[in-house]
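Each remark here refers to the structure printed beneath this line.
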Amino acid sequence: MRLTLKIDGQHHSTVARVGSLVLAVGALALGQADRRASVAERVGRLTRDSGWTETAAVPLRFRTHHPQGLVGANDAFYLSSVEVKTRTRRFAAPVDGLDRDAGAGTGHLFRFDRDGRLLGQVTLGEGTIYHPGGIDYDGAHVWVPVAEYRPNSRSIVYRVDPRTMTAAEVFRVPDHIGAIVHDTDDGALYGVSWGSRRFYRWALAEGGQGIQGGASDARWRVNGSHYVDYQDCKYVGGRRMLCTGVADLRPAGTGGLATALRLGGLELVDLGDGRPLHQVPVRLWTTGGVPLTQNATWFEPTATGLRGYFLPEDDTSTLYVYEVE
């Protein structure tokens, strides 16, 4: 099947290399700081009526398990994912402040090309710490938090060289960290807890190979926004992060029996005080009814707007590419 695709104002025709033409990571001749600022500025102009147009759907040619975070770097994509081998089970009553057992699994960071082919991978975590979260790329390294698959638990934060896929542990946290961003303007890392209910800040030591002070003494604040639970976050310059996620909306007191409306959305967040600067729903679903912002996302500027990459599905995943003016 031949498709004609419009990329940054130009039309391209392709038979088999849809991904190679559409997934132009960093296609604009902009530095990373400029791209981040452009993403933030254009997100700030989105409304619920903004028209997203699908430009490609690229099947990934490997088992993705449960995707969590996505970044584009060095002409490739990096995807964090959790492979669940034994599901967690809830306790009848909390045990040591935990509401469920640890289950079992493996944490992955995959590297794949524009056609969805797997180029490499590294496993992350140890023991019961196997759940990678949302990830960020700072121009040199991919930052990946890996946690136990339960709230109020433990995490390890890794720094990964995207070219060699070599991971280095940076520090440990006595909480579940579900996503992390690197604020390159003030030399700090910001993390969000399970359900993004708490924000954390850690000042990086010189060289970025550790943090100042102890992880348990990190500055944290309550997230005052309850619009969506963040799944994946990125630093977008100007002391801001862009987070995407979902809200599971069902009548209270139904015990999970009622049909839920799962609404996707994005938020531009001020890292200085944790306030949302801009919130907007993303009214995009797969044909199976999964919100596109349910799992991993990545955004980049185009000549006239934004391009979004979405990986909402588990195991057999498709990378959906949408553009908005």
How far apart, in nm, are two points set 7 Å out from the Cα along the Cα-to-Cβ line at residue 75 and at residue 270? 4.2 nm
Per the charge dipole of the chain (beta-carbon charges, Lys/Arg positive, Asp/Glu negative, Cα centre), the residue among 167, 271, 122 reaching farthest to the positive end is 122
Given charges at Cβ of Lys, Arg, Asp, Glu: the chain dipole, positive-most of 145, 92, 245: 92
Could you tell me the relative contact order of the chain? Use alpha-carbon pairs under 8 Å, at least six residues apart, and round to a whole percent. 18 percent
Treating only the Cβ atoms of Lys and Arg (+1) and Asp and Glu (-1) as charged, compute the dipole magnitude of the chain about its Cα centre; round to the nearest 20 debye. 540 debye
Within the under-12-Å Cβ sphere about residue 244, not counting residue 244, Lys/Arg +1 and Asp/Glu -1 give a net charge of -2
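Quick one: with all protein chains in place, what share of the accessible area of the chain is carbon or sulfur, to the nearest percent (1.4 Å probe)? Display every interim value, and only then the final one.
On the way: 6750 of 14050 Å².
It is 48 percent, rounded to a whole number.
Please give the contour-minus-distance gain from residue 99 to residue 285: 0.36 nm per residue of separation, less the Cα-Cα distance, rounded to one decimal in nm. It would help to have the intermediate numbers written out before the result.
On the way: separation 186, 0.36 × 186 = 66.96 nm, distance 3.11 nm.
Difference between extended and current length: 63.8 nm.
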Can you give the FRET efficiency for residue 57 and residue 118, using 1/(1 + (r/R0)^6), R0 = 30 Å, r = Cβ-Cβ distance, to the nearest 0.05? 0.95
Find me the longest stretch of the chain that has none of the exposed trypsin sites (Lys or Arg not before Pro), where exposed means in a DSSP loop (not H, G, I, E or B) with at most 10 other Cβ atoms within 10 Å. 90-325
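How far, in nm, would the chain grow between residue 33 and residue 106 when pulled straight, counting 0.36 nm per residue and subtracting the alpha carbon separation?
Result: 22.9 nm gained on full extension.
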Summing -39500 (n - 2.57) over the DSSP H runs of n ≥ 4 in the chain and dividing by its residue number, what mean residue ellipticity at 222 nm do you reach, to the nearest 500 deg cm²/dmol? -1500 deg cm²/dmol
Along the dipole axis of the chain (charges at Cβ: +1 for Lys and Arg, -1 for Asp and Glu; origin at the Cα centre), the most positive-end residue among 60, 204, 176 is 60
Give me the accessible area of residue 84, 1.4 Å probe, in Å² rounded to the nearest 10. 60 Å²
What do you reckon, how do 226, 131, 66 stack up by accessible area (1.4 Å probe), largest on top? 226, 66, 131
Give me, ordered by chain and number, the residues 5 or more places off residue 73 or on other chains with an amide H under 5 Å from its own placed amide H. 78
Surrounding net charge for residue 220, when Lys and Arg each add one and Asp and Glu each subtract one, Cβ distance under 9 Å: +3
Keeping all protein chains in place, calculate the accessible area per residue for the chain (probe 1.4 angstrom), answer in Å². 43 Å²
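Based on the Cβ-Cβ distance of residue 168 and residue 247, what FRET efficiency does E = 1/(1 + (r/R0)^6) give at R0 = 30 Å, to the nearest 0.05? Walk me through the numbers before you get to the answer.
Numbers: r = 35 Å, r/R0 = 1.17.
Using R0 = 30 Å, I get an efficiency of 0.30.
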Area accessible to solvent at residue 165, 1.4 Å probe radius, in Å²: 30 Å²
Simple label model, 7 Å out from Cα along Cβ direction - residue 325 to residue 205, nm: 5.2 nm
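The values are calculated or read from the model by the stated rules, or taken from the named source; none is laboratory data. All of these numbers come straight from a predicted model, not from anything done at the bench. We place every Cβ from the backbone using ideal geometry, glycine too, and count neighbours over all the protein chains shown. Calculation scope for accessible area: heavy atoms of the full protein, side chains included, ligands and nucleic acids excluded. Shrake-Rupley method; radii C 1.70, N 1.55, O 1.52, S 1.80 Å.
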